[in-house]
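Working notes, beginning with the structure itself.
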Amino acid sequence: MVTAETSQPVTDPTRIGLTKEALKQAFVDNLFYIQGRFRDVATANDIYMAAAFTVRDRLLARWLKSAQHFKESGARTLCYLSAEYLLGPHLINNLINLGILETAREAGEELGLDLGEILATEEEPGLGNGGLGRLAACFMDSLATGQIPAIGYGIRYEFGIFDQAIENGWQVEKSDTWLKNGNPWEIPRPKITFPVRYFGHTEPYQDEQGRLRIRWIPGLVVEGVAHDTPILGYGVANANLLRLWKAQATESFDFQAFSTGDYYRAVQAKIEAETISKVLYPNDEPAVGKELRLKQQYFFVSCSIQDMVRLHLATVGPLDTFADKFVAQLNDTHPALAVAELMRILLDEHGLAWEPAWDITHRTFAFTNHTLLPEALETWPIELFERLLPRLLEIIYEINRRFLDEVRVRYLADEARIARLSLIAEGETRRVRMAHLAAVGSFAINGVAALHTDLLKTTVMRDFHELWPDRFHNVTNGVSPRRFIVVSNRRLARLLTSVCGNEDWMRDLTALRRLESLAEDQGFHEDWRRVKLAAKDQLARWLAAKTGVRIDPQTLFDVQAKRIHEYKRQHLNLLHIVGLYQRIKQDAQFRPPPRTFLFGGKAAPSYAMAKLIIKLINAVAEVVNGDPQVNGHIRVVFVPDFNVTTGQLLYPAADLSEQISLAGKEASGTGNMKFAMNGALTIGTLDGANIEIRDAVGPENFFLFGLTEAEVRQRQADGYRPSDIYHGDPELATIIDLIDSGLFAHGDKTLFRPLTENLLRHDPFMVLADFRAYVSCQTLIDEVFQDSARWTRMSILNVARIGHFSSDRAIREYGERIWKVEPVPIQV
Ligand code: F58
């Protein structure tokens, strides 16, 4: 019989104990009772699963307690709405957050198991494209660590970001089958499902009280099923919920079709429904007008808002207090439909009048913008919107009508301004502007670095800033020191702990300031260099095993790892490499310190220029690495399949971090922070968070080059002509001519023409304008690198002063300035 006591498994040591013996017993039990295996026939995956379940049990007790306590405390809950979460492997992170990494290693040893091998078995959940998705994952980590009650809502993509293979130098996309061996971290909740409507039409009716209401008669209803993953904080018992929605058909079969013998049509509905959460769109800028993408956005937003309303009704009650209990952050415009969806639920399902519904909605949402690139601002054709989400469009029209009335009065019918502010862009095809929907529906709007926020206010959101200056905030991004130091760089973590005397720096990264006093200490320099060299050695060994490419850990590791995009300017880096290659061959006196150039990053599958850049990197690598004359001087490597796991190897191994986007284009960047946290020095432009990183670490510890954002604008206004630069710089001309000569293409002179021609004719990201400054800065780097005491000192100071760029600080700022949420500590 189940009694109140026996229903409390949270006291069973095999399930919750953190001792070595408890872990061993739990592992053995799980291998047998969950995986159904004897040890001698267990596969690597069985062993990983048993280990993961062992750790998950320990999370569950904390998670359920957190949920219960949050409910009782009545605290405000933050809901993070994000179409992407780029989580990285769970097991290692959870071991660290539970404080049992070493105990688990010993337990494994006693069972004859190597923890490293177990960890390497995990397939990382790659449910994001790049910075935006990874930011969401860092924020989930910091929310739990900061003890803020939070739910992360998103989509449980069956296929995450593609795996990248390199074949003949080209990127080839392979589907990411992360779920094929099962996912031990998630708990499916078949009873937590919500219907999501699409298509059909709306009709008015009178309710029992005689009020006019609207009914949406859908053409398709799909169901979202919750899949929950606990997210544990570091060193605390708080565990938050990451709830991802999987799409399924409301009925497995269309029985009518089935009974008439049309088996295929019967199954079709099921397939169509499941397609919605099938695959992550692999673009790092929005693809225009894809129906499935809009379906995905509405799918997860509708499930999430329905869930929030359900939770509120079940725990608190009246909807007028909804915004006191929930605050929802829109991670870019992908979840912006939430504004219209909450209105729909309040109006159509709960019978509220417009004004109180709008008051609740508007107090609920806050919006983060992550891009300034005008072509990246999301809009949807009205025609598609009307067909797919007829009721939402009506609501958006009404929001717009009321909003524009306000604008009209405020600016005395300034028609041009009204057109600019409208949620609907007029033109050949009318479109819904998602950023405007998010801005109008939110009480706060923020950018992700100081420069980015300033530019938001003066460019893409200028009219909104003039209208509501107080709604704008800056919250500079941050990254998780657990993921990007403790997990990624064990040796550095140990050294930092020994300097600080304890592990407190792991949750207060500003504690690393203590390192400053050791910046001149020769003995400490040696320790510091040993840590860096070991990380370089580890990367070298991994790379050799994985790709057969050999690199020398004694050389300067110069790393550019991020999505491949013209604005990030991987090709500027390449121009420098080709220049070096050419000089080393032609000038026997020219012998800069040996360097290994490492690139990592995926290109959107439909982005031809980015794919050509990957091809060029590999083509240059092939020629340079195969040329005995330059061997020992420079080497070029494209590290395939850059993701969180490979990032964890690259960040610790880098001496130099390339952050070389054109000023004004990179909203913040977060790789810049991950590298600097691991003691790499940055070569960078005055773009995104680089500016603040440079201020923090000291300009003398940062290699700055390039045009400022104001200079970029000026040059473009003056009529930028890249060919003038080509003609005025013989070294640059030689480099571009070499690329055009077929040297890197087995004689094919046309292969890289689209790239070189684009540089000479348009050069939208001003690669040529910044080339000379970049090369001079690289020459300075060669000089400084040879002074190893100076370099080491700079590296130490970068780490000592990087504390501000922890996601814990970013979350604290959101919590205090925007969300108004308080920590709710949980006792184990
Ligand atoms: C990135 N955006 C910014 N978008 O480019 C970067 O500067 C910033 O540091 C980071 O966000 C976090 O704020 C980004 O990663 C995407 O990947 C989207 C994926 C979905 C389609 C639109 C772009």
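Per-structure values
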item	result
Residue in the range 659-667 that is more than 11 Å from the ligand (Cβ to nearest atom), under 19 Å from the mean Cα position of the chain (by Cα) and acidic (Asp, Glu) present	no
Inter-residue pairs, beta-carbon under 6 Å, first assigned by TED's automatic domain parsing to the domain that holds Gly351 and in the range 307-332, second open to solvent by 70 Å² or more (accessible area, probe 1.4 Å) and at pLDDT below 95, 6+ apart	Thr315/Lys71
Criterion violated by Asp695 - all others in (1) more than 21 Å from Gly88 (Cβ to Cβ); (2) in a loop (DSSP other than H, G, I, E, B) satisfied	(2)
Condition check for Tyr567: closer than 20 Å to Leu751 by Cβ and of a type outside the set (A, V, I, L, M, F, W, C)	no
Test: residue in the range 708-725 that is within 16 Å of the ligand (Cβ to nearest atom), surrounded by 15 or more Cβ atoms within 10 Å (Cβ to Cβ) and more than 30 Å from Arg482 (Cβ to Cβ)	yes
From the options Asp641, Asp655, residue that is of a type in the set (Asp, Glu), away from the ligand (no atom under 14 Å from the Cβ), under 20 Å from Leu533 (Cβ atoms) and assigned by TED's automatic domain parsing to the domain that holds Leu574	Asp655
Helices (runs of 4 or more DSSP H) lying entirely in the range 308-398 (those with 1 or more residues that are within 16 Å of the ligand (Cβ to nearest atom) and surrounded by 20 or more Cβ atoms within 10 Å (Cβ to Cβ))	337-344
Long-range neighbours under 6 Å by Cβ, at least six apart or interchain, first residue closer than 20 Å to Gly671 by Cα within the range 539-561, second open to solvent by 20 Å² or more (accessible area, probe 1.4 Å) and in a helix (DSSP H, G or I)	Leu539/Leu649; Leu556/Phe785
When residues of the range 779-804 are limited to those that are under 30 Å from the mean Cα position of the chain (by Cα) and of a type in the set (Gly, Ala, Ser), the one farthest from Phe590 (Cα to Cα)	Gly803
Unique match (being crowded, with 21+ Cβ neighbours inside 10 Å and under 25 Å from the mean Cα position of the chain (by Cα)) among Lys562, Lys532	Lys562
Residue identified as small (Gly, Ala, Ser) and closer than 30 Å to Thr792 by Cα among Gly728, Gly706	Gly706
Sole exception among (1) away from the ligand (no atom under 13 Å from the Cβ); (2) within 26 Å of Ile192 (Cα to Cα); (3) crowded, with 22+ Cβ neighbours inside 10 Å for Phe159, by number	(3)
Search result, residues across the range 11-51 that are open to solvent by 20 Å² or more (accessible area, probe 1.4 Å) and acidic (Asp, Glu)	Asp12, Glu21, Asp29, Asp40
Hits in the range 611-632 (condition: assigned to a helix (DSSP H, G or I) and out of contact with any helix residue (DSSP H, G or I) (no Cβ under 7 Å at 6 or more places or on another chain))	Lys611, Ile614, Lys615, Asn618, Ala619, Ala621, Glu622, Val623, Asn625
Search result, residues across the range 58-105 that are more than 27 Å from Asn331 (Cα to Cα), of a type in the set (Gly, Ala, Ser) and touching a helix residue (DSSP H, G or I) at 6+ places or on another chain (Cβ under 9 Å)	Ala61, Ala104
Residue that is nearest to Phe675 (Cα to Cα) [pool: residues in the range 456-508 that are in the same structural domain as Ser142 (by TED's automatic domain parsing) and basic (Lys, Arg)]	Lys457
The range 323-341, residues that are under 16 Å from Glu72 (Cα atoms) and not basic (Lys, Arg)	Asp324, Phe326
Near pairs, Cβ below 6 angstrom, 6+ apart or cross-chain, from the range 90-115 (surrounded by 15 or more Cβ atoms within 10 Å (Cβ to Cβ)) to any residue that is assigned to a loop (DSSP other than H, G, I, E, B)	His90/Trp185; Leu91/Glu122; Asn97/Tyr234; Ile100/Leu18
Yes/no for Phe139 being of a type outside the set (A, V, I, L, M), in the same structural domain as Val448 (by TED's automatic domain parsing) and within 11 Å of the ligand (Cβ to nearest atom)	yes
Leading residue by the ranking (farthest from Glu503 (Cα to Cα)) among those in the range 515-529 that are in contact (Cβ under 8 Å) with a residue 60 or more places away in the chain and not in a helix (DSSP H, G or I)	Glu520
Cross-chain or 6+ apart pairs with Cβ under 9 Å, the range 611-635 first and modelled with pLDDT under 95, then in a helix (DSSP H, G or I) and of a type in the set (S, T, N, Q)	Asn631/Asn625
Restricting the range 426-454 to residues that are open to solvent by 20 Å² or more (accessible area, probe 1.4 Å), more than 20 Å from Lys820 (Cβ to Cβ) and in contact (Cβ under 8 Å) with a residue 40 or more places away in the chain, the residue that is nearest to the ligand (Cβ to nearest atom)	Leu451
Qualifying residue in the range 672-691 (condition: farther than 22 Å from Leu495 by Cβ and charged (D, E, K, R))	yes
Search result, residues across the range 262-283 that are open to solvent by less than 40 Å² (accessible area, probe 1.4 Å) and at pLDDT below 75	Ala266
Residue count for the range 577-609, restricted to those that are open to solvent by 10 Å² or more (accessible area, probe 1.4 Å) and closer than 22 Å to Leu768 by Cα	7
Qualifying residue in the range 633-646 (condition: more than 27 Å from Pro282 (Cα to Cα) and part of a loop (DSSP other than H, G, I, E, B))	yes
Filter pass, Glu731 being modelled with pLDDT of 95 or more, surrounded by fewer than 24 Cβ atoms within 10 Å (Cβ to Cβ) and within 16 Å of the ligand (Cβ to nearest atom)	no
So Arg39, is it of a type in the set (D, E, K, R), at pLDDT 95 or above and touching a helix residue (DSSP H, G or I) at 6+ places or on another chain (Cβ under 9 Å)	no
Meets criteria (touching a Lys or Arg at 6+ places or on another chain (Cβ under 7 Å), at pLDDT 95 or above and either assigned to a helix (DSSP H, G or I) or closer than 24 Å to Leu86 by Cα (or both)) for Ala287	no
Checking Leu515 against (1) modelled with pLDDT of 95 or more; (2) surrounded by fewer than 16 Cβ atoms within 10 Å (Cβ to Cβ); (3) not basic (Lys, Arg), the condition it does not meet	(2)
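The values are calculated or read from the model by the stated rules, or taken from the named source; none is laboratory data. Predicted model only: the values in this text are computed from it and were never measured. No Cβ is skipped: glycine too gets one built from the backbone with ideal geometry, and neighbour counts run over all protein chains shown. Heads up: the accessible areas ignore ligands, DNA and RNA and are worked out on the full protein's heavy atoms, side chains in. Shrake-Rupley method; radii C 1.70, N 1.55, O 1.52, S 1.80 Å.
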